[in-house]
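To keep things clear, I will list the structure first and then write my remarks on it.
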Amino acid sequence: MARKTYESRIEEAKKKIKEKPTTALREIGKLLVTAVRKKASRSKKSRTYYLNGKKIIVKPGRLKKSVGYWYRKKENDLLIGSKAFYAHFEEFGSSKNPKNPFLMPAVFENKDMVQSMIMSALKELEKDK
Amino acid sequence: MNILELKKQIQLFLKTKADRVYFRKANEKTAFPYVVFNFPDSDADFFEREDIILEVDIWDKSNITTAIDTLTGTIDGNGDIKSPTGLNRKSINIDSYLRAKIYRINRYTIDDEEKKIERRQLRYKVKAYLLS
């Protein structure tokens, strides 16, 4: 089976939002996670971080795997982030490691896509009324 | 847009607030506290206007956070529309060439790998208008 491209994922998400507009945030979450994973660097070697004086060795690809989205039903919002303890060292840099932002640039690059999807979801919801 | 003049103006202003100010990177042996500023991104989708992101990092190595928070507050200022004391809402005019207004987007407290290092980040949007 052919691998899905990012564009085909967007089309798929648009279709799903049209069918069920209440799932818009979840679909946007899935797409943004794909975009953030693309941006997250995968180092060739294991990297060393220091946390509270402790030396921690991180295997390549851990950051990519740790990216996720959380749709919170109660608050009705969407969180995009990473569970890796060193994610903010990558995003903002630290005194020992240079920054390599992956989260904010990916989200800002897809700002228009997010806005258009929310618009289409709102239009669909308006139709149903 | 050539941001050299803008960089100079911001550096001059920051030097009135902090002793050690660097662009992009500080020396490894620099004494704390110090300030590093950078323009990581920009958006030129507007007519005769460019939105430039300005990041100001304030670094300190101390167990007490009062000094770094005071410095951060002085750099950011009161945010007054007419007479701002800091970067927030500051206007920059570069003779008949560029007008810029700075707006704060956010402020962050960022943990560091080294426990003793304290870091604050102020993120601004510089709306720069080219005069023709």
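Quick rundown of the values:
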| item | result |
| --- | --- |
| Cβ-Cβ under 9 Å pairs, at least 6 apart or on other chains, segment B:27-56 side more than 11 Å from B:K125 (Cα to Cα), far side of a type in the set (G, A, S) and part of a strand (DSSP E or B) | B:R49/B:A128 |
| Subset tally (residues that are surrounded by 15 or more Cβ atoms within 10 Å (Cβ to Cβ), part of a loop (DSSP other than H, G, I, E, B) and either at pLDDT 95 or above or out of contact with any Phe, Trp or Tyr (no Cβ under 6 Å at 6 or more places or on another chain) (or both)) for segment B:88-113 | 5 |
| Residue match in segment B:72-82 (condition: within 14 Å of another protein chain (Cβ to nearest Cβ), surrounded by 13 or more Cβ atoms within 10 Å (Cβ to Cβ) and within 22 Å of B:L6 (Cα to Cα)) | no |
| Members of segment B:45-56 found to be away from every other protein chain (no Cβ under 14 Å), assigned to a strand (DSSP E or B) and surrounded by fewer than 14 Cβ atoms within 10 Å (Cβ to Cβ), listed by number | B:F46 |
| Any hit, segment A:13-22, residues being surrounded by fewer than 15 Cβ atoms within 10 Å (Cβ to Cβ), closer than 24 Å to A:N100 by Cβ and in contact (Cβ under 8 Å) with a residue 60 or more places away in the chain | no |
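The values are calculated or read from the model by the stated rules, or taken from the named source; none is laboratory data. Owing to the predicted nature of the structure, the values given are computational and were not obtained by experimental measurement. Cβ: placed from backbone, ideal geometry, glycine included. Neighbour counts: every protein chain shown.
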